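The values are calculated or read from the model by the stated rules, or taken from the named source; none is laboratory data. Just so it is clear, the structure is predicted and the values come from calculations on it, not from any experiment. Reconstructed Cβ throughout: ideal geometry from the backbone, glycine too, with neighbour counts over all protein chains shown.
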Amino acid sequence: MSKPVLLTVDDDPEVLNAIERDLRHHFRTDYRVVKASSGPEALDTVRQLKRRGAQVALFLVDERMPHMTGTQFLLEAMKVYPDARRVLLTAYADTDTAIAAINEVGLDHYLLKPWEPPSVRLYPVLEDLLSEWFARARPAFDGIRVAGNALSPASYAVKDFLASNQVPYQWLDMENDATVCELLSGASGGAARLPVVFFPDGTTLVQPTARELAEKVGLQTRAQKPFYDLIVVGGGPAGLAGALYGASEGLRTILVERSAPGGQAGTSSNIENYLGFPGGVTGADLARRAATQAKRFGAEIITAQEAIEIRREDPYRKVILSDGSELTGYAILIAPGMEVRRLEADGIDALLGAGVYYGAALTEAASYRGRDVIVVGGANSAGQGAMFFSRHARKVTMLVRGPDLSAGMSRYLVDRIGETPNVEALVNTSVAAACGNGRLEAVTVVDGVSGERRELAAAALFIFVGTAPRTELCADLVMRDAQGFVLTGRDVMTEGRHPAGWTAARDPFLFETNVPGIFCAGDARQGSGKRVAAAVGEGSATVSMIHQYLQTV
Ligand SMILES: Cc1cc2nc3c(=O)[nH]c(=O)nc-3n(C[C@H](O)[C@H](O)[C@H](O)COP(=O)(O)OP(=O)(O)OC[C@H]3O[C@@H](n4cnc5c(N)ncnc54)[C@H](O)[C@@H]3O)c2cc1C
């Protein structure tokens, strides 16, 4: 396979040669460096590269060029290579333009000229961006290939699992590609049971479970130690932060995640309000960085394993996993977050995975390029979903039950939706039914004021109708409120008295449940902030309380 391309553009021959030299010096083993001396010439190159099936990993472009500015070039180039990282080369005087470009073209970074020494001011930034790009790039031929039918829930589940775990794969749709049927006919199980996953070592898995897939692609699914200081349940921002701080402070730490690290945040197409990421960060990137960081400090992360029960066997705490195995330790951090609520309407369940999806279903966006899609919900997650799909779909219709968008959505998203011509919000509107023969074709909606029903043609329906805490696993052990949120700290005390079964000679810590040594952080905790930063803060803050608890066992 040919190397991915780094394309650099500058009208000043001296600068162009200097940047080309520096890029080649550092990146030539893994990338091909291509240069162009103007925006139009570079666009020609981009189109040729696309025709030849080359991958472009990064554009590094001078902002001030005659005929076409760097930002103008990026606007055109990203239509051809939307995933390539975008960096502007600017003079100090152009900083404002570069900041504007963060929004206009989703700029990943701007570099000030000169970039001397490159080992400090050029390579670290580009390496970071290229590792992000690489994590999402799909190898053309020599990686995992998933062959199946785009409208089958089983195919969707496999793609979603691989994508959430950031395992690159190539999707082969049997409906659009005759060679896929040929490929399937040779695979065990054949086309009758889909999807079939082809691995580079020549083996296949037919309609695999998440655990089979996890084991095959080398993800850890079983504990390596007999005993842990800290067991974390849930790999969302709260759990990842708990695991990271626990491991970094020397605790034997394991995190168990039923699906993939990232949690709800991992499904977000762009988190714009997390500290330190002025251009926003995708949930997938944040999850990858956090999981890597936690593992670097020695935390074990096991995936495709659900914690089904938590037990107290003093002084130990146990977590029972879905494969029947047990994890034993001194302390547990429960961070199972929230799960999406089901939408009660006719036809939804029958069409799940065949045009109807819960959440953003990022893996499916490309399938709905140029089509009409519907997003249900009026909170931030629905707004982000609508903005994400507006980049692919012909039209996005938002169905919002309330009388206006601003009731449940941050102002910046309401404004952005207002400015996006292919997104329309229908307020006072809810879903009555999803209709279609084997795949979604239309959605029947009801006007909450007039009671009028009508049908909207749609290729896909993405549902964001709220969430509920996923705390059943500890229902018999810890105190929860009527909605299922876990009570912690002073909330487990009644009129200053300790809860039943409380054995410690102290009050519960801030994030401790009514069982000493069992803590809860993040969205599943009653009174939590329901934001990424809040979950991260709680998960990390819990570790100091766990340290204090461990001194008593
Ligand atoms: C689409 C979307 C966009 C969002 N955008 C933003 C945003 O821009 N900014 C912002 O601040 N917030 C945003 N949020 C909210 C934010 O993502 C959450 O507040 C945050 O993820 C909560 O973190 P958490 O760790 O508590 O739980 P979650 O993120 O819900 O993670 C919990 C994890 O635990 C796992 N789990 C659950 N039960 C078990 C079990 N029994 N065994 C093993 N694993 C289990 C789940 O699979 C999940 O991975 C968004 C949410 C959504 C859905």
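Summary table below
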| quantity | calculated |
| --- | --- |
| Test: residue in the stretch 544-551 that is small (Gly, Ala, Ser), closer than 30 Å to Thr282 by Cα and either at pLDDT 95 or above or within 14 Å of the ligand (Cβ to nearest atom) (or both) | yes |
| Yes/no for Ala524 being buried (at least 24 other Cβ atoms within 10 Å of the Cβ) and within 16 Å of the ligand (Cβ to nearest atom) | yes |
| Among residues of the stretch 133-173, those that are acidic (Asp, Glu) and crowded, with 20+ Cβ neighbours inside 10 Å, counted | 1 |
| Condition met for Val217 (at pLDDT below 95, away from the ligand (no atom under 16 Å from the Cβ), out of contact with any helix residue (DSSP H, G or I) (no Cβ under 7 Å at 6 or more places or on another chain) and not acidic (Asp, Glu)) | yes |
| Every pair of residues 6+ apart whose Cβ atoms lie under 9 Å, when the first sits in the stretch 470-494 and is over 20 Å from Ala541 (Cβ atoms) while the second is modelled with pLDDT under 95 | Arg470/Met338; Arg470/Glu339; Gln483/Ala468; Gly484/Ala468 |
| Residues (exposed (fewer than 13 other Cβ atoms within 10 Å of the Cβ) and assigned to a loop (DSSP other than H, G, I, E, B)) located in the stretch 402-438 | Pro403, Pro421, Asn437, Gly438 |
| Every residue from the stretch 323-337 that is more than 8 Å from the ligand (Cβ to nearest atom) and of a type outside the set (A, V, I, L, M, F, W, C) | Asp323, Gly324, Ser325, Glu326, Thr328, Gly329, Tyr330 |
| When residues of the stretch 438-482 are limited to those that are basic (Lys, Arg) and modelled with pLDDT of 95 or more, the one nearest to the ligand (Cβ to nearest atom) | Arg470 |
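For every residue, the table says whether it meets (1) away from the ligand (no atom under 11 Å from the Cβ); (2) among the hydrophobic types (A, V, I, L, M, F, W, C); (3) touching a residue at least 12 places away in the same chain (Cβ under 8 Å).
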site: Glu339; (1), (2), (3): no, no, yes
site: Val356; (1), (2), (3): yes, yes, yes
site: Tyr368; (1), (2), (3): yes, no, yes
site: Arg371; (1), (2), (3): yes, no, yes
